[in-house]
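To keep things clear, I will list the structure first and then write my remarks on it.
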Amino acid sequence: FFDAKRSIDSLTLSLWDFGGQEVFYSMHHLFLTKSGVYVVVFDMRELSEPSTRTEAKTYLLFWLRSIKLHAPSVSMLLVGTFFADMMEEKGNLRLIDKILRELTNGSFEQIVFPDNIEHGDLIFFPIDNKERLGIDRLRRAVEHCARDDPVSSQEVSIRWMAFLDRILSEKQNETKEYLTFSDEVKIIGAIVGIPSVGEQEEALSFFHERGFLIHMTSTEILKNIVIIKPQWLIDALSKVIRDGSIHIDFHKFKTAGLEEDARSTFETALASRDFLEYVWKGEQVEFFIDLMKRTMLLSEWGRDSYLIPSLLRDTYVIPETGIPGHRCVYYFSSGFLPNGVFQRLLCLCVELSSRNGNVNTNLKLYENFGSMELEKGSPVHLLENKEVQSISVYVEDDSSAGKVLTIIQSMLLKVNHDVMGAGLTWETCVENVTSKELVSLSDAQQQKLSPWFNSDIQSETEKYTQKVDLDTFLESLS
């Protein structure tokens, strides 16, 4: 944008390096923007070695699916590293290419093939940083994709460019990670000739979509913070949503008198307000809590305490007697079930249960399982099965089966709309209580299959998919 003032042919790219750790997966919706060029980098040695191939393929496929989910129209380049090592044995590149073609199976149309003059018709770019092999060709491909993106040639008013320029100039201040909309951004807007708050918000939304800054607008608390250094947000959330394999220094929390709070957070997924105040150093605590609530990463648990389901570590083992109740299954196998969907579903269920006056002591929560009463006296059990990409819901009370079906379907629609870019797809099946077989939702509705469809309740679910704030959504389910 800035260089466009001087030359219509110039192109300025900003580079974002995404952490590969699992801790960031639940935050993809904040950073995987719908425009740009995505470079998926993998170690060719891990794909070529049989002992590491399966894990490498799983990891690659996860990222390809995540990008397709959140940014379905972007260009995507596959880049294999350690080219020099792979050249030692003839046929290695062909092996990697065969594995990648089988893995992608024509399902990712946005993959950009390299101009393979040297190495034949490969689906990926082989490079070597140490020997500087393939780097220039990759750079040219990235630039070509960026120029082909209609967004890069979209005309923007000089006032908007000046607005962004002034906002991002604050990054030069090392201690400045964000600006407040009410006290700082409004003034900048007035200075550059955009006095209208509506136009300022429109410009911020435009720049947010293109990854120049982060500005969320679902609540007044979120709207007042304009993040100019995304790393600040990542660092703050990573202090709470963190990889369980990373060593936690409980001694420093003991010194602060918060050892029990820290253990509660990282061992039972229950964080106290005092703990959050401490790890965020008292800065913008309300903003972070509100952000995690609105993105369904956190729900209130009693007074000044919060449940963070992504920190649940124990795995539930299904007993020999099975899980009681009539079964409803959501199959995501036609697409994929991303990390964080089940945890967000738990978050919404716990929040709804609490709002309906149910006591949290009846809850059982695991990494892959949750048991609670959405309505008093009506136990509901949720189970995630990552192998078959499904979420199963078990309802013990016949009279509430129809309503639970509506509630869970509505919650999944809300998660899909608010966090997954409306890219999730799933098939819903319910159990025929007589034959114990699963029936598609449409067939069950047509047959008025009891206890799921004693009345035409499925039509009610659509009203919950509208762009309503989370509180209004949960109130509509109560």
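The values are calculated or read from the model by the stated rules, or taken from the named source; none is laboratory data. Not measured: the values here are computed from a predicted model. Cβ coordinates were reconstructed from backbone atoms using ideal geometry, including for glycine residues, and neighbour counts include every protein chain displayed. Areas reflect the complete protein model, heavy atoms only, side chains present, ligands, DNA and RNA absent. Shrake-Rupley method; radii C 1.70, N 1.55, O 1.52, S 1.80 Å.
Could you tell me whether the range 51-146 comes out rounded, prolate or oblate from its Cα gyration tensor? Rule is a ≥ b ≥ c as square roots of the eigenvalues, rounded for a/c under 1.5, then prolate if a/b exceeds b/c, otherwise oblate. The shape class here is oblate. Helix 158-168 axis versus longest C-alpha principal axis of the chain: approximately 70°, rounded to the nearest ten. For the residue pairs Lys254/Lys293; Lys229/Lys281; Lys281/Lys414, the alpha carbons lie more than 24 Å apart in Lys254/Lys293; Lys281/Lys414.
Think of a 1.4 Å ball rolled over the protein heavy atoms: the range 401-450 then has 41 Å² of accessible area per residue. In a reduced charge model with +1 at each Lys and Arg Cβ and -1 at each Asp and Glu Cβ, the chain shows a dipole moment near 400 debye about its Cα centre. Against the chain, whose longest principal axis is taken from its Cα atoms, helix 401-418 shows a tilt of about 10°. Entry note, the range 30-103: relative contact order of 46 percent, from Cα contacts under 8 Å with a spacing of 6+ residues.
Using only Cα atoms, find the angle between the long axis of helix 135-148 and the longest principal axis of the chain, and express it within 0 to 90 degrees, rounded to the nearest 10. On a 0 to 90 degree scale, this one is about 70. Solvent-accessible area per residue for the range 32-133 at a 1.4 Å probe radius, Å²? Accessible area per residue: 53 Å².
Working from Cα pairs under 8 Å separated by at least six residues, relative contact order for the chain is 11 percent. The value of relative contact order for the range 254-364, using C-alpha pairs under 8 Å at least six residues apart, is 26 percent. Among the GluC sites (Glu not before Pro) found in the range 120-165, those both in a DSSP coil and sparsely packed, with 15 or fewer other Cβ atoms within 10 Å of their Cβ, are Glu131, Glu155.
Estimated at 0.36 nm per residue, the fully extended path between Arg355 and Glu199 surpasses their Cα-Cα distance by 52.4 nm. The candidate values were (i) 84, 63, 48; (ii) 67, 64, 46; (iii) 67, 60, 52; the one computed from these coordinates for Cα extents along the principal axes in Å carries the label (iii). Taking the centroid of alpha carbons for each part, the range 409-458 and the range 33-99 are 36 Å apart.
Computed per residue of the chain from DSSP H runs no shorter than four, each worth -39500 (n - 2.57), the mean residue ellipticity at 222 nm is -11500 deg cm²/dmol.
Beyond 22 Å between alpha-carbons counts as too far, so tell me which of Lys376/Lys403; Lys57/Lys98; Lys176/Lys239; Lys34/Lys186 fall in that bin. From the list (Lys376/Lys403; Lys57/Lys98; Lys176/Lys239; Lys34/Lys186), the Cα-Cα distance tops 22 Å for Lys34/Lys186.
Pop out the carbon and sulfur fraction of the accessible area of the chain as a percent, whole number, probe 1.4 Å. The computed percentage sits at 48.
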